[in-house]
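Derivation of every value follows stated rules applied to the coordinates shown; laboratory data play no part. Keep in mind that what you see is a predicted model, and the values were worked out from it rather than measured. We place every Cβ from the backbone using ideal geometry, glycine too, and count neighbours over all the protein chains shown.
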Amino acid sequence: MIQRASLNTAHGLAVSDLTVSYNRIPALHHIAFEVGCGQCVALLGPNGAGKSTLLKALAGLLPRETGRIAFHGREVQGATQDFAYLPQREAIDWDFPTTVRGLVEMGRYLRVGWWRGYGREDEKAVDEAIAAMQLAPLAQRQISALSGGQQQRAFLARALAQQAHVFLLDEPFTGLDKPTQDNLKQLLRSLRDQGKLIIASHHDLASVRELFDQVILLNGELIAAGPIAEAFTDANLHQTYDTPTFAGPAAHHHHHGHGHH
Amino acid sequence: MDWLTEPFHHEFMLRSLITGALVGFLGGFLGGFVVLRRMSLMADSLSHSLLPGLAIGFILAGGLVPGALFGGGLFAALAVALGAQLISRSSRLKEDTALGILYTVSFSSGVVLIGLFKIPVSLTHWLFGNILGLSNTDLWMIWGISLVVVPLLAALQRPLLLTLFDPTVAASQGIRVNLLNFVLMICLVLTMIASLQAIGVIMLLGLLITPAATVYLLCDSYPKMLWGGGLIGMFGSCSGLLLSYRLNLPSGACIVLMLGVIFLAAYLFSPRYGLLLRLRRARHFHDESLARWPGAAPGDSPGKRP
C-alpha cells in the first residue's frame, strides 16, 4: 500500500525517509510517498498527527532531521519557488495596506528581483492569475474587504503568479459554506488540470471523495498514501484515527493536540 | 509673508530646519516598517536604552567624543533587543514583558552611570531634544545615517514587504527573514541615534510612528506608506520647528504636536478610513439588499443563489 520513494519520479513529488521533530519528539516519522503532478491530494489525520508539520516541511519551513524531498527528479533543499505554501487565514494581518492586485504582485517579487520594475511578462502573469481565480472585479479592493472564499482565491492567485507547481494548503476548506466550497473545488480542479500538484490538509472525512483524487493518511507515521479507491479504506481510517497521537513519553501526553504548532 | 521667511535668514535656524527635514523624513520613512511590524514598544525601548550606551561610550572614550554616542548607543540598544529575544525564547515570558524589564533597567543604569561618573549630559536635553544645539559633527552624522538607511531599506523594499506581510510564507519563498528583521532593527537604532539630539528620547517614538500611522489611514499602498510617511514627517518637523521658533517653545514637543494635528485630521477626515466617513455611511442598505432578488421577495423563492 505505501509506495516507497525512489527519488526518480520525473513528473511529481517524491518524499523519502522524512523525519521532523520538535524538541526530539518526532512529529513525523520516516515518511515516504510519491505523488504525480496533476492531482488533488488530501492530507488526513487526527489533530497532532503532523499534517501541518508535513506541509511546512515540504515548504522548507522546518528543518528535517532525516529525509529527502525530490520534485521533478531534482532534489529540493529548503525553500523553493516551485512550492507555494498558503497559510491559514488566521495567520494574516488583513488590514495590511495592500489591494488584491498588490497581493498577487507579491508572487512576482522574487522572480523580478529587488530593483527591476515589472515587465510586460510580469503584468501578464498577474492579470492571468487574477482572471483565473475570478478576482478581476475585486482587484482594486483592500484585502480585508473580501469574503473568506475570496481571500483564499487571492492567495491562490499569488501562488499562480509565482508560477509555483506545488500548492501546499493548510485547511483550505475549513469554515467555508457550500457554494464557496464548491467554487474553491472547481478552482483547485482547474489548477490540477493544468498539471499543478495540490496538497491540502483536511479534516472533514465526509467530503474527501468529492473534493480530492488521492489521500495521504498520517498519524506521526504514514498509514497509507494513494488514490482514494486504494488508500481511503475503512481499515486505514481506523488505523489513522483510532490510534492515539504520539506526543512524547507518557508524562508529556497533555501536549496532545498541540504537536503541530 | 515676512514672518515665514524671516527665520530663514538666521543661519542657526536654517541649519535646524535642514536637520529637522532630514530627521523627519528618516523617521517617517522608517515608521512605516515600525507600524506594520507592530514594533512600537520595541522602538520605544530601544530609544530609552541609548542612555547607558552614551554613558559607557563616555567612560570608555574618556569624554564626550562624537563617536561615543554612536558606538555606545548601538551597542546598548542591540544588547536590549537581543537580550529581550533571548529571555522570551528561553523562558515563558513574552517579548513585550522582557523588553519592558530590560529597557527600564537599562535606562536606570544610564541615569546611575551619569551620576556616578559625573557625565556632563543634560537629562532635559536628552529627554526633550535640543535641535538648536547641534554641532557640525552631529549634522554630518545625521546626513551619513540618512544616506545609509533610506537607500538600504528602499533596496530591500520587496523582501521586507513579504516579510512584514507574512514571515512564514516569506521564509517558504527562500527569504532570510531573521536577517532582514535584524537589518531593520539596526536601521531603527541608527535612525534613533540620528534623531535623538534633535528631538529627544520621549518624542522620538512620536516622530517615528505618527506620520506612518497617518498615511496608514489614508491609503492602501505600501510604497506610499513609506514615502508618504517620510514626506509627512518632513513637513511636520519643519512646521513644528517654525512654530517653536515663533512661540519660543521646545522644538521636539512642537514637532510632535504638529504631527499629532495632522494625524487627527486624517483620523477624522480620511476619505477611506476616516471617522466621519464611518458615521456618515452608517445607514441601512435595505433596498440594495432587497434588489438582489429581482421580482420576488426571498421568502417566496427559496431557490439557490450563486
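Structure values in brief
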| read-out | value |
| --- | --- |
| Hull volume in cubic angstrom per residue (convex hull over the Cα atoms of region A:55-124) | 137 Å³ |
| Average other protein chain Cβ within 10 Å of Cβ, residues B:161-170 | 6 |
| Residues B:S91, B:S172, A:S16, sorted so that the one with the fewest Cβ neighbours within 10 Å comes first | B:S91, A:S16, B:S172 |
| On Cα atoms only, tilt of B:11-36 relative to the major axis of chain B in degrees | 50 degrees |
| FRET efficiency for B:V112 and A:R68, using Cβ-Cβ distance with R0 set to 60 Å, rounded to 0.05 | 0.60 |
| Folded to 0 to 90 degrees: helix B:50-61 orientation relative to chain B principal axis, Cα | 30 degrees |
| Cα gyration tensor shape of region B:108-217, rounded if a/c is under 1.5, else prolate or oblate by comparing a/b with b/c | prolate |
| Where the Cα pairs of region B:199-289 fall when distances are cut into 10 Å bins, in % | 18, 39, 25, 12, 5, 2 |
| Whole-Å semi-axes of the ellipsoid equivalent to region A:115-219 (Cα gyration tensor, √5λ, descending) | 26, 17, 11 |
| Max mean-square fluctuation residue, GNM over chain A, Cα-Cα springs under 10 Å, options A:G119, A:G73, A:G195 | A:G119 |
| Helix A:178-193 vs. chain A, principal-axis angle (Cα, 0 to 90°, nearest 10) | 90 degrees |
| Likely footprinting exposure, A:S52, A:S207, B:S289, B:S251, fewest C-beta neighbours within 10 Å first | B:S289, A:S207, A:S52, B:S251 |
| Histogram of C-alpha separations across region B:1-119, 5 Å bin width, % | 2, 11, 15, 15, 16, 14, 12, 8, 4, 3, 1, 0, 0 |
| Euclidean distance between Cα centres, region A:94-166 to region B:154-182, Å | 17 Å |
| Ranked B:H284, A:H203, criterion: other C-beta atoms within 10 Å, fewest first | B:H284, A:H203 |
| Test item: A:91-102 mean partner chain Cβ contacts at 10 Å | 5 |
| Hydrodynamic radius (Kirkwood) for region A:62-180, which is based on Cα pairs only, to one decimal in Å | 15.5 Å |
| Distance from region B:4-77 to region B:192-221 (C-alpha centre basis), Å | 12 Å |
| Two-decimal ratio, the protein assembly as shown, of alpha-carbon radius of gyration to 2.2 N^0.38 Å | 1.15 |
| Dimensions (Å) - chain A, Cα atoms, principal axes, largest first | 54, 38, 36 |
| DSSP-loop chymotrypsin sites (Phe, Trp or Tyr not before Pro) across region A:109-138, with at most 15 other Cβ within 10 angstrom | A:W114, A:W115, A:Y118 |
| Chain B - Rg (one decimal) and Dmax (whole number), Cα, Å | 23.4, 88 |
| Of B:A194, B:A212, B:A171, the one that fluctuates the most in a GNM where chain B has Cα springs shorter than 10 Å | B:A171 |
| Top of B:L196, B:L204, B:L184 by mean-square fluctuation, Gaussian network on chain B, Cα under 10 Å | B:L184 |
| Rough spin-label spacing in nm, given labels placed 7 Å along Cα→Cβ, for B:S221 and B:R292 | 3.3 nm |
| All-pairs alpha carbon distance profile, region A:138-187, 10 Å steps from 0, percent | 23, 54, 23 |
| Length added when fully stretched, A:R120-A:E210, from 0.36 nm per residue minus Cα-Cα | 28.5 nm |
